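Comments concern the structure below.
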Amino acid sequence: MLPLARRLEALLFISPRPLSTGVLAQALDRREEEIESALAALRIEYRPGEHGIELRRVAGGHTFAVADDCAADVRGFTGAERPDELSPALLETLAVVAYLEPVTRAEIAEVRGVSSEYALGALEERGLVEQQGRADAPGTPVLYGTSERFLRLFGLASREDLPPLEGFALRADEVDEIRSRLHATAERRAR
Amino acid sequence: MRADVTATAAPPVTTRLDLDVFDGPFDLLVTLILRDEIDIWEVRVSRIIAEYVLKLADSGEFDLDATSQFVVLVAALLEMKSRLLLEEEAEEELEDLDPDEAARQLVERLVRYSQFRNAADALGEAWQAHSGRLYRSVPVPTELLRRRLPEASLRAVTLAEALAPLLRDPPAPDTSHLADLAVTLVEELRRLRVLLDDAGEFTFAAVAPQDRLERAVTFFALLELHSSGEALLHQTRHFGDIVVSRVAAPAAVMG
């Protein structure tokens, strides 16, 4: 293995959290391009299926993760449990925060059509959403955004990694469907 | 679709109360519209509540999460129904309310909401795939952390000096702005009784002190005299002066 790749491996082994290319470059006094190519070599070394651990890009950096097929063994050994499931209401609120952040409570309620106080609290408690200052608006409402833990638990390298929101738009025929059903309901009521 | 729902609509809703299925009015609305199963007019909310309470009593368990979601759902239903009621009246009252425009806006909001609903589903899949992953997460052993302070500069006395200010008693808070009451109720009662005995009658304005709080004490004293039957209070108009006069045959004297 390249000497630089081995040095990177050592830093990633000891670091408790993902290390960005910039941090690695600074720590080893190398240019970022050099780090990138050494990381590529390291990634080949640790490609899935090769070791009990894999090299992953997550939450803005690089880190080792337990290979999926070894996760059960680690869980049994350490007693670590999977995080609790997220209810649809929590996932929906999280989606609004993730795509609109920084976002206020009122904006979330506007999109969902329902107060999201409870959901936001639960997401904060789970460390998926955090307060990110206050908006420069009347009442200076709290602004919410997603956390680094959010990126890790959803396997995202960065917020730009989220699939574009436009991809989730309803198809034209689905929109027509909603429209015509609404009209039908209105007419039925008018009668 | 509509005719037979009166009797049957409520139970399906109740049994379907997985409570995660419905999240908010929009969600509810989309579901109701797309399924075209229930006419919201026909859903008897009181019945849903009654059945839920029965269910709750039967199960003997109180799940706070599920119950709060239920309350949210019921509130959403009620809000939708009440809005529909208002809408009908509004249509008659407000000529300039364009139903087409209102419908267009509603569709727009539903479409926007659905986008996030779908994104939430995708997030749910990502969660299933990734949330169980185990990352390197142990803390760095402290002996490996870079030491920033040269050890030579840290002597025991430095620590003592740092702690000393914390152990000192803080100065007593300044309470000079809190005025002491110059009179007590008992003293004021005594003073007013003397005045009553001497003069037989006086006005509140004539005997009340300048200080607001002391005036209040005087007023309480007057009320006390009145309730004990020692004095009569008479006021000719609101906020006017109060005339205090002695009762001819004094009752038992207090204080």
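The values are calculated or read from the model by the stated rules, or taken from the named source; none is laboratory data. Here the structure is a predicted model, which means the values were calculated and not measured. For neighbour counting, all protein chains shown are included, and Cβ atoms are generated from backbone atoms with ideal geometry for every residue, glycine included.
Cβ-Cβ distances below 8 Å connect the following pairs, each with a first residue in region A:32-51 that is touching a residue at least 12 places away in the same chain (Cβ under 8 Å) and within 22 Å of A:VAL66 (Cβ to Cβ), a second residue that is in a helix (DSSP H, G or I) and among the hydroxyl-bearing types (Ser, Thr, Tyr), and a separation of six or more residues or different chains: A:LEU39/A:THR21.
In this structure, A:ALA122 qualifies as modelled with pLDDT of 90 or more, over 24 Å from B:GLU108 (Cβ atoms) and among the aliphatic types (A, V, I, L, M).
Residue by residue, here is whether (1) at negative phi; (2) at pLDDT 85 or above; (3) under 34 Å from the mean Cα position of the chain (by Cα) holds:
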| site | (1), (2), (3) |
| --- | --- |
| B:GLU101 | yes, no, no |
| B:GLN105 | yes, no, yes |
| B:GLU108 | yes, no, yes |
| B:ALA119 | yes, yes, yes |
| B:GLU125 | yes, yes, no |
| B:SER131 | yes, yes, no |
| B:ARG136 | yes, no, no |
| B:PRO139 | yes, no, no |
| B:GLU143 | yes, no, no |
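Take A:GLY61 and decide whether it is in contact with a Ser or Thr (Cβ under 8 Å, 6 or more places away or on another chain), of a type outside the set (A, V, I, L, M) and either closer than 16 Å to A:LEU8 by Cα or loosely packed, with under 12 Cβ neighbours inside 10 Å (or both). In short, yes.
Selection within region B:58-98: residues that are modelled with pLDDT of 70 or more and in a loop (DSSP other than H, G, I, E, B). The member of this set that is farthest from A:ALA122 (Cα to Cα) is B:GLY60. Can you tell me which residue is farthest from the other protein chains (Cβ to nearest Cβ) among those in region A:83-102 that are more than 28 Å from A:GLY52 (Cα to Cα) and surrounded by fewer than 22 Cβ atoms within 10 Å (Cβ to Cβ)? Among residues in region A:83-102 that are more than 28 Å from A:GLY52 (Cα to Cα) and surrounded by fewer than 22 Cβ atoms within 10 Å (Cβ to Cβ), the one farthest from the other protein chains (Cβ to nearest Cβ) is A:PRO102. Considering only region B:204-213, I want to know if a residue exists there that is on the phi > 0 side of the Ramachandran plot, surrounded by fewer than 16 Cβ atoms within 10 Å (Cβ to Cβ) and among the hydrophobic types (A, V, I, L, M, F, W, C). No, region B:204-213 contains no residue that is on the phi > 0 side of the Ramachandran plot, surrounded by fewer than 16 Cβ atoms within 10 Å (Cβ to Cβ) and among the hydrophobic types (A, V, I, L, M, F, W, C).
Scanning region B:235-255 for residues that are surrounded by 10 or more Cβ atoms within 10 Å (Cβ to Cβ), over 16 Å from B:ASP198 (Cβ atoms) and at pLDDT below 85 yields B:MET254, B:GLY255. Taken over region A:111-157, the criterion of being away from chain B (no Cβ under 14 Å) and β-branched (Val, Ile, Thr) is satisfied by A:THR140, A:VAL142.
Within region A:38-56, at least one residue is within 14 Å of chain B (Cβ to nearest Cβ), out of contact with any strand residue (DSSP E or B) (no Cβ under 8 Å at 6 or more places or on another chain) and either over 20 Å from A:ALA157 (Cα atoms) or at pLDDT below 90 (or both). Being surrounded by fewer than 18 Cβ atoms within 10 Å (Cβ to Cβ), touching a Leu at 6+ places or on another chain (Cβ under 7 Å) and facing chain B (nearest Cβ under 9 Å) is a description that applies to A:ALA80.
For region A:166-174, the count of residues that are modelled with pLDDT under 90, of a type in the set (Asp, Glu), out of contact with any Leu (no Cβ under 7 Å at 6 or more places or on another chain) and part of a loop (DSSP other than H, G, I, E, B) is zero.
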